[in-house]
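Comments concern the structure below.
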Amino acid sequence: MKKVVKFGGSSLASAEQFVKVGDIIHADAERRYVIPSAPGKRFSDDTKVTDMLYDCYHLAETGKEFKKELAAISERYQEIIDGLSLGISLKDEFKTIEKNFKEKVGENYAASRGEYLNGIIMAAYLGYEFIDAAEVIRFTDEGEFDSEYTNQILGQRLNGVERAVIPGFYGAYGDGRVKTFSRGGSDITGSIVARAVKADVYENWTDVSGFLVADPRIIENPEGIETITYRELRELSYMGASVLHEDAIFPVRREGIPINIRNTNQPSDEGTWIVESTCQKSKYVITGIAGKRGFCSVNIEKAMMNAEIGFGRKVLQAFEDNGISFEHVPSGIDTMTVFVHQDEFIDKEQKVVSAIHRLADPDSVDIEADLALIAVVGRGMKSTRGTAGRIFSALAHVNVNVKMIDQGSSELNIIIGVANDDFETAIKAIYDIFVIAQL
């Protein structure tokens, strides 16, 4: 078997954490390919190395002195090296970084150095081969990840390499310029490597024991999720569940490789398994609840709207022309409602309203702000009658008014719109009816 293991920033924030990671890797000979993040916070008021690099580069970019800030970053790594009693030096690496910062090579390069340097230390600590992600993960000239070319060159590079460390978060354009994924992109790198080596499992080690049914900031000690499908995860991640980068599932999904979310600080916990499909039933009817505040609805009314061909296209064109994406579009016979992110919409609202009138000639347009969307997700809902009814009953019991409900044809999720002020109350009520009531 082959396992790819990715460790998050909190798992690699100090020498003490490095030792835990080393013990985890050495405990299973199948853990052969390691993807490290940059050092995260060592304590609550600490600063992540990636943020330190951003701040340092911004000084360099504006022509200000940055040696003190770069020295502080160097000290973070030296602390880890000394704590592990490693006989390596990063002085030459920091000289190169200083030179490149002065030459203003780009923010992407600056941000990537956190993973790059941690990768060097990790490889030395484990005795594994170090492979710079810039050599094997490729982006197109337009800045899009080139999945097929990457899979080809990465597979060739790792062919015959028994054990390696590949830093997360970044790759490069064809000309060698560094390009990063979005924040948290080390999860994506791990998935890319797992696909390239045809791994049996992709283990993603972090500071929590997998996914929880609901946000622990809202629900005290929520139940954990043992198994979740890729599709369920996509729905929950999109609505705010942030244990794993939402784009990390795509490379492994193509190969049917399961992801196992594990806790570095509690390695005996089984964590959460993310799979393509499963015959295992969820412990509860729902798999998880997640949501976001900060939406607004644009309600368009027009008599006989349902008989007017192209009406929906005209309405959505008004949003498209103003660079605004929509979230959900529930509709009735004479009404159509478009849910959008309020912060994206607020400065363009009157332009959009004018465009709707010009393009679609509605009877009226009404805007409601300060809404939240909650996703109730679960493969078990498809075979269970009355799920929506139970949700409405639970919300009515705590006096929460439902502004919108939208269910996809897959019956995998139900989206509920409520007022921002009712967001936490609604999540607690839904959790109680589906989880607490079954305990």
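The values are calculated or read from the model by the stated rules, or taken from the named source; none is laboratory data. None of these values were measured; they are calculated from a predicted model. Using ideal geometry, Cβ is built from the backbone for each residue, glycine included, and neighbour counts are taken over all protein chains shown. The area values use the complete protein model at the heavy-atom level, side chains included, leaving out ligands, DNA and RNA. Shrake-Rupley method; radii C 1.70, N 1.55, O 1.52, S 1.80 Å.
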Accessible-area order for SER112, SER354, SER74, SER383, largest to smallest, probe 1.4 angstrom, reads SER383, SER354, SER74, SER112
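Given a cut-off of under 8 Å on Cα pairs at least six residues apart, what relative contact order in percent is computed for the range 1-116?
Working: 135 pairs, mean separation 33.3, N = 116.
Once normalised by length, the contact order is 29 percent.
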For the range 107-252, using Cα atoms only, the Rg and Dmax in Å read 16.3, 50
Computed over the chain, protein heavy atoms only, probe 1.4 angstrom, the accessible area per residue in square angstrom equals 46 Å²
For LYS3, counting only lysines whose alpha-carbon sits under 30 Å away and dropping same-chain residues fewer than eight positions off, the answer is LYS20, LYS41, LYS48, LYS179, LYS198, LYS281, LYS283
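Mean shadow of the range 245-329, computed from the convex hull of its alpha carbons, in nm²?
Details: hull surface 43.2 nm².
Averaging across all directions leaves 10.8 nm² for the Cα convex hull.
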Length-normalised contact order of the range 114-160, Cα under 8 Å, at least 6 apart, in percent, tallies to 24 percent
By accessible area (1.4 Å), largest first, VAL105, VAL365, VAL136 order as VAL105, VAL365, VAL136
Using a 1.4 Å probe on heavy atoms of the protein chains only, the accessible area for MET305 in Å², nearest 10, reads 20 Å²
Connecting every pair of Cα atoms under 10 Å apart in the chain and solving the GNM, the largest mean-square fluctuation among ILE192, ILE300, ILE24 falls on ILE300
The alpha-carbon center of the range 397-435 and that of the range 92-145 are separated, in whole Å, by 44 Å
For ILE433 the rounded accessible area (nearest 10 Å², probe 1.4 Å, non-protein molecules ignored) is 50 Å²
Which of [x] 30; [y] 22; [z] 38 gives percent of Cα pairs over 36 Å apart as computed here? It is [z]
Cα-based Rg then Dmax for the range 1-89, in Å, read 15.4, 51
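State the percentage of accessible surface on the range 18-99 attributable to carbon and sulfur atoms; use a 1.4 Å probe and exclude ligands, DNA and RNA. The partial results should precede the final answer.
Numbers: 2040 of 4280 Å².
Its accessible area is 48 percent carbon and sulfur atoms.
Please report, in debye to the nearest 20, how large the charge dipole of the range 131-246 is about its Cα centre when each Lys and Arg carries +1 at its beta carbon and each Asp and Glu carries -1 there. Working shown, then result.
Numbers: 11 positive and 20 negative charges, 58 e Å.
Approximately 280 debye in magnitude.
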With -39,500 (n - 2.57) per DSSP H segment of 4 or more residues and division by the full residue count of the chain, the 222 nm estimate, nearest 500 deg cm²/dmol, is -11500 deg cm²/dmol
Semi-axes a, b, c in Å (a largest) for the range 325-439, each sqrt of 5 times a Cα gyration tensor eigenvalue, come to 31, 16, 12
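From the Cα trace of the range 36-75, what convex hull volume per residue do you get, rounded to a whole Å³?
Values: hull volume 2.9 nm³, N = 40.
Considering the Cα atoms of the range 36-75, their hull volume per residue is 74 Å³.
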Restricting to lysines and to Cα separations under 23 Å from LYS314, and discarding same-chain partners fewer than 8 apart, the set is LYS302, LYS348, LYS351
Expressed as a whole-number percentage, the relative contact order of the chain with C-alpha contacts under 8 angstrom and at least six residues apart is 13 percent
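Starting from the Cα gyration tensor of the range 213-270, take the square roots of the eigenvalues, sort them a ≥ b ≥ c, and report rounded, prolate or oblate (rounded when a/c is under 1.5, otherwise prolate if a/b is larger than b/c, else oblate).
Working: a/c = 2.17, a/b = 1.31, b/c = 1.66.
Note, shape of the range 213-270 comes out oblate.
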For LYS99, the lysines lying under 17 Å Cα to Cα, once residues fewer than eight places off in the same chain are dropped, come out as LYS64, LYS67, LYS68, LYS91
A convex hull over the alpha carbons of the range 39-103 yields, per residue, a volume in Å³ of 79 Å³
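Using only Cα atoms, figure out Rg for the range 9-143 and give it as a multiple of 2.2 N^0.38 Å. Can you show the working numbers first?
Numbers: Rg = 15.3 Å, N = 135, 2.2 N^0.38 = 14.2 Å.
Compactness ratio reported: 1.08.
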Quick calc, GLU276 & GLU107: beta-carbon distance into FRET formula, R0 41 Å, rounding 0.05, result 0.70
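So, with a 1.4 angstrom probe, what is the percent of accessible area on the range 122-169 that is carbon and sulfur?
Numbers: 830 of 2170 Å².
Reported share for carbon and sulfur atoms: 38 percent.
What size of dipole, in debye to the nearest 20, comes out for the chain about its Cα centre when the only charges are +1 on Lys and Arg C-beta atoms and -1 on Asp and Glu C-beta atoms?
Numbers: 49 positive and 67 negative charges, 185 e Å.
Dipole about the Cα centre, nearest 20: 880 debye.
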